[in-house]
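**Q** One structure is given below, represented as structure tokens, and several questions about it will come after.
The values are calculated or read from the model by the stated rules, or taken from the named source; none is laboratory data. Note that the coordinates shown come from a computational prediction; the quantities given were computed from them, not determined experimentally. Quick reminder, even Gly has a Cβ in these numbers, built from the backbone with ideal geometry, and neighbours come from all protein chains shown.
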Amino acid sequence: MACNQEKAQSLLNRFTTMKMKQQEKRKPRERRPYLASQCRDLAAADRWRGEVLREMGVKLAEIQNEGLGEHHLRVLNEEINKLLCERSHWEHRMLELGGRDYSRSALMTDLDGNIVAIPNPSGRDPGYRYFGAAKKLSGVRELFDKPPEVRKRRTRYGIHRDMEKQDFFG
């Protein structure tokens, strides 16, 4: 069996002590402020917005899996909607601090450059959206189906008017 001095010189031991020293030098990880208004620095606000976007990306990739349970899909969709709201708060705060206006680039425009309103296919509030496999859940699918078009009954006046427009004798 090797003596303690040889054990101390082993490569693994040196590697672990080096890692521990690096962790001690690092400052503790900051937590994202609960309110965007608490942030006073533009660079920090941009960093927190980026963190929100990364979290959204992870959850958007996860919600594409149709094999997840219905409850898990609904929870994921709710978390994504909350992150969307938080992202807009950070973008608004960055604008207040004198940063770039990200909401201007998010608007849809037509070929003429006019701003087009994005319709929300679901009947819920305009800010709520469904993503990935959550669109196929029961109760949600019906929101996206368009109701059948109701045909208006023709009145006598309409029938006579149409007959007058047609030229039977000429």
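**Q** Looking at (1) free of Cβ contacts under 8 Å to residues at least 40 places away in the same chain; (2) surrounded by 11 or more Cβ atoms within 10 Å (Cβ to Cβ); (3) not small (Gly, Ala, Ser), can you tell me which one Gln22 breaks?
**A** (2)
**Q** Moving to a separate point now. Out of (1) modelled with pLDDT under 90; (2) among the aliphatic types (A, V, I, L, M); (3) surrounded by 11 or more Cβ atoms within 10 Å (Cβ to Cβ), what's the single condition that is false for Met94?
**A** Every condition holds for Met94 apart from (1).
**Q** A further question follows. Would you mind telling me which numbered condition in (1) part of a loop (DSSP other than H, G, I, E, B); (2) modelled with pLDDT of 85 or more Asp125 fails?
**A** Among (1) part of a loop (DSSP other than H, G, I, E, B); (2) modelled with pLDDT of 85 or more, Asp125 violates only (2).
**Q** Out of Asn120, Asn81, report the one residue that is of a type in the set (S, T, N, Q) and at pLDDT below 75.
**A** Asn120
**Q** Anything in the range 1-53 that is more than 22 Å from the chain's Cα centre (by Cα), of a type in the set (Lys, Arg) and within 30 Å of Ser88 (Cβ to Cβ)? List them, or say none.
**A** Lys27, Arg29, Arg40
**Q** Something else about it: Looking at (1) surrounded by 10 or more Cβ atoms within 10 Å (Cβ to Cβ); (2) out of contact with any helix residue (DSSP H, G or I) (no Cβ under 6 Å at 6 or more places or on another chain); (3) modelled with pLDDT under 60; (4) over 30 Å from Leu42 (Cα atoms), find the lone condition where Glu142 falls short.
**A** (3)
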